[in-house]
Amino acid sequence: MSKRLTDREQLLSQLNHLTDSEVEDVLDYLVRLETKRTRIVRTDSGEDDLLSALSGAYENRRARQVLEWETVRRRADSFVFVQTGPRL
């Protein structure tokens with residue numbers, strides 16, 4: 001059990017040294033992990049076949065891809081903003 005606490009303390013120490021944008025990336029990753037975990041629980045509980053078919057539809061895959069592109073674009077914009085400062 002002490003090993004687990006040490007890992008948590010090490011993680012906390014590393015988080016304290018990250019920039020704000022890196023912390024946002026870590027939070028995004030954690031949200032993805034939680035979403036994945038939720039999907040696994042839902043699948044195990046007997047998800048409806050129609051919902052499974054619709055979630056894999058081309059339009060939904062495309063929408064997820066566009067959302068990912070938008071996330072990357074926003075990160076790039078915020079990175080440029082941090083480097084150059086606000087435009088007046």
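The helices (runs of 4 or more DSSP H) found wholly in the chain and carrying at least 1 residues that are at pLDDT below 75 and surrounded by 10 or more Cβ atoms within 10 Å (Cβ to Cβ) occupy 20-44, 49-55, 58-84. Pairs are defined by a Cβ separation below 9 Å, a sequence spacing of at least 6 or placement on different chains, a first member in region 18-35 that is closer than 16 Å to Arg74 by Cα, and a second member that is among the hydroxyl-bearing types (Ser, Thr, Tyr) and part of a helix (DSSP H, G or I); the pairs so defined are Asp20/Ser78; Ser21/Ser78; Glu24/Ser78; Asp28/Thr71.
The values are calculated or read from the model by the stated rules, or taken from the named source; none is laboratory data. Please read all numbers here as calculations on a predicted model, not as lab measurements. For neighbour counting, all protein chains shown are included, and Cβ atoms are generated from backbone atoms with ideal geometry for every residue, glycine included.
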